[in-house]
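Chemist: Right, I'll just put the structure down here and ask away after.
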Amino acid sequence: MPRLFTRRDLLERSAAVGSAVAAASLLTPGAAFAQPAGIDSRSEDLEDIGNTCPLGSARDVTIQGGVLRSTSRGGVFTSRVLRSATPFTHLGLHWSAVVPDSTDLRFELRTSPDGVAWSAWAAVRVETLPHESSVGDFFASLVSTPGARFVQYRATFSTDAGASPSLRRVTATAIDSRPAPVGSSALATRTVTDALTGRSVTVIARQQWGANEAYRFSRKGKEIWPEQFVPFKKIVVHHTATANNYTDGAAEVRAIYRYHAVTKRWGDIGYNAIVDNGGNLYEGRHGRGEDAATREVLSAGVVAGHDLSHNYGSAGVALLGDATGLDWPMPSNSGPMWDALVRYSVFESARHFVRPLVAGKDSQAVDSDIAVADFLRSDDAWSDAMRNVSGHQETNATTCPGQPVMALLDELRTAIHNGLVGAGTLKAGVQVGSIARVANVNQSLTFSWIDQDLNGWAVDHYEYCWEGWFKPATSDDVQYLTLGSGYEASDWGSAQPRQRWQPTAAKTLMLTPLAAGHYTLHVRAVVTGFGGTARGLYEGNHTYLVK
Ligand SMILES: [Zn+2]
């Protein structure tokens, strides 16, 4: 498993900045090294039920051994008022519960600055299930609560045939995401350029939005979620299901970062990129390199945590806000938020050669115009005919990114294609025409491909590379397959799941896998015409699950 630093490096670097660590908030985990401090978002866990008999009011809810259950007709538990030591801007409700099939446990909450004047009760939305975090809780999306100090929650139990959900603990994590220090008005940006395609995108890098990199490390200086890299074949669109009426997008991003990295114990934010209502694009998941001055911003193919079982090989972009709210800032395919979504999607599609529409189509009129390909999930199951540009709800049971965004994905695919093609004639793509997708170790696999949309260009040759990895059932860490002697390390000096691209004149390649895993051929055309040579826009790829 590759590491950019050895443990020994980490410990030495941590020791060198010991005083800075001591000065950080007690609530800040981990040790910072060679990083700007970032802006700390304090958080406080207000725990309820748990060890003590809960105070609050119950209707048809009973407590036994510290566990709340409802009577057979269902019930409601309304908590006591929980009070935070300091005002908070966001609240993340999470709970430990067992919810049998066909029963339901729903939460609402309200907040108050003074314990007297209360907001209306508002339902919370579950965004993370117990098996998606080492905490083992259900996590709701963050709720915006500027100036609040008090919170109260209400749990509604729905039963089925006498079975009731059982609730052991509720924690209201109050996050205070402070504004950036006075005087730093407009956020600085970085322009990231992809060396191969020459395409650029302007982004607010982690240090520019104030990411406190200490959140990524344990108290002992161990990186909680080491970066791994799998080439993106899909782009998945999300909304954050947080408030729409924000004026400081960076503070919202910092709150989500704190919630994902620290409260959920993921060790980083789950999205690859975030887009706000002002058209700002924020770098999400940390990528290659640790030194703030030289690290890679928006690393290609870095595995994030946005779409369960689909994270290895997809880019997750989140629209900041709640698309189902009446004040959703992106009701149509125009405006700064839309433009930023398109900019990021074009950049990511370009450097990963992701095709949004089927060959021969320049806009999406009907569903059959949408480019799809079977996607091999990290748990070895398949998402059949997964759309290359899709919404979160197409791959997991969630309402994310909300219908208003789902309704715009057709326009997004067209916009990505147009952004890639521009005014030119270059569309050339490749389609790998294999049908089988499961094979055995030592079985010879044949991959062949056809040209698409040459549009006046002629193929000079092709470029291909193999991607190979497997994920042990007991670990989140991908093990890269070396694919024999042809495998080369990346420019970053550490093993990567795919080789450097190699030229070939052939239209067929064979591979005999010597170990079980996920094997993908990536191939693209280098074309000549119109007075020059260029790389085709869209790669072909095909994945085998080798057992
Ligand atoms: Zn989502």
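Chemist: If the requirement is being within 16 Å of the ligand (Cβ to nearest atom) and out of contact with any Phe, Trp or Tyr (no Cβ under 9 Å at 6 or more places or on another chain), which of these qualifies: 323, 292? Can you show your working first?
Modeler: Working: 292 fails: within 16 Å of the ligand (Cβ to nearest atom).
Of 323, 292, the one residue that is within 16 Å of the ligand (Cβ to nearest atom) and out of contact with any Phe, Trp or Tyr (no Cβ under 9 Å at 6 or more places or on another chain) is 323.
Chemist: If you take the residues in region 258-301 that are of a type in the set (Val, Ile, Thr) and over 19 Å from residue 212 (Cβ atoms), which one is modelled with the highest pLDDT?
Modeler: Looking at residues that are of a type in the set (Val, Ile, Thr) and over 19 Å from residue 212 (Cβ atoms), I get 275.
Chemist: Only one of (1) within 30 Å of residue 430 (Cβ to Cβ); (2) modelled with pLDDT under 95 fails for residue 344. Which number is that?
Modeler: (2)
Chemist: Of all residues in region 356-384, count the ones that are of a type in the set (Lys, Arg) and within 20 Å of the chain's Cα centre (by Cα). Steps first, answer last, please.
Modeler: Of the residues in region 356-384, the ones of a type in the set (Lys, Arg) are 361, 377.
Filter once more, keeping what is within 20 Å of the chain's Cα centre (by Cα): 377.
Matching residues across region 356-384 total 1.
Chemist: Separate question: Search region 514-529 for residues that are without any contact (Cβ under 8 Å) to a residue 60 or more places away in the chain and pair each with any residue that is among the small types (Gly, Ala, Ser) when their beta-carbon atoms are under 8 Å apart and the residues are at least 6 apart or on different chains.
Modeler: 517/468
Chemist: Among all residue pairs at least 6 apart or on different chains, which show Cβ distances below 6 Å where the first residue, located in region 229-246, is outside the structural domain of residue 321 (by TED's automatic domain parsing) and the second is within 16 Å of the ligand (Cβ to nearest atom) and in a loop (DSSP other than H, G, I, E, B)?
Modeler: Going by the 6 Å Cβ cut-off, there are no qualifying pairs.
Chemist: What tally of residues in region 427-451 results from selecting those that are closer than 15 Å to residue 359 by Cβ and under 31 Å from the mean Cα position of the chain (by Cα)? Break it down into steps so the answer makes sense when it comes.
Modeler: We begin by selecting, within region 427-451, every residue closer than 15 Å to residue 359 by Cβ; these are 427-433, 449-451.
Restricting the remaining residues to those that are under 31 Å from the mean Cα position of the chain (by Cα) gives 427-433.
The number of residues fulfilling the criteria is 7.
Chemist: Suppose we filter region 236-256 for residues that are in a helix (DSSP H, G or I), of a type outside the set (Asp, Glu) and within 16 Å of the ligand (Cβ to nearest atom); how many remain?
Modeler: Going residue by residue through region 236-256, those that are in a helix (DSSP H, G or I) are 249-256.
Keeping just the survivors that are of a type outside the set (Asp, Glu) gives 249-251, 253-256.
Among the residues that remain, those that are also within 16 Å of the ligand (Cβ to nearest atom) are: 253, 256.
Matching residues across region 236-256 total 2.
Chemist: For region 496-538, how many residues meet the condition of being among the small types (Gly, Ala, Ser) and under 18 Å from residue 229 (Cβ atoms)?
Modeler: Summing the residues that are among the small types (Gly, Ala, Ser) and under 18 Å from residue 229 (Cβ atoms) in region 496-538 gives 1.
Chemist: Could you list, in sequence order, all residues of region 378-413 that are more than 16 Å from the ligand (Cβ to nearest atom) and closer than 20 Å to residue 437 by Cβ?
Modeler: 378, 379, 380, 381, 382, 384, 385, 388
Chemist: Next question, about the same structure. Among residues belonging to region 312-341 that are hydrophobic (A, V, I, L, M, F, W, C), farther than 21 Å from residue 254 by Cα and over 19 Å from the mean Cα position of the chain (by Cα), point out the one that is modelled with the highest pLDDT.
Modeler: In the first step, residues of region 312-341 are kept if they are hydrophobic (A, V, I, L, M, F, W, C); the result is 315, 317-320, 323, 326, 328, 330, 337-338, 340-341.
Subsequent filtering for residues that are farther than 21 Å from residue 254 by Cα retains 326, 330, 338.
Cutting the leftovers down to over 19 Å from the mean Cα position of the chain (by Cα) gives us 326, 330.
Working: 326: 95, 330: 98.
Only one residue fits best here, namely 330.
Chemist: What are the residues in region 270-316 that are within 26 Å of residue 186 (Cα to Cα), surrounded by 22 or more Cβ atoms within 10 Å (Cβ to Cβ) and among the aliphatic types (A, V, I, L, M), if any?
Modeler: 273, 274, 275, 281, 298 - these are the residues of region 270-316 that are within 26 Å of residue 186 (Cα to Cα), surrounded by 22 or more Cβ atoms within 10 Å (Cβ to Cβ) and among the aliphatic types (A, V, I, L, M).
Chemist: Return the pairs, sorted by first residue and then second, in which the second residue is among the polar types (S, T, N, Q), the first residue lies in region 274-290 and is free of Cβ contacts under 8 Å to residues at least 60 places away in the same chain, the beta carbons are less than 6 Å apart, and the residues are 6+ apart or on different chains.
Modeler: Hits for this filter: 284/272; 285/272.
The values are calculated or read from the model by the stated rules, or taken from the named source; none is laboratory data. Worth saying up front: this structure is predicted, and the values here are computed from it rather than measured. Note: ideal-geometry Cβ built from the backbone for every residue, glycine included; neighbour counts use all protein chains shown.
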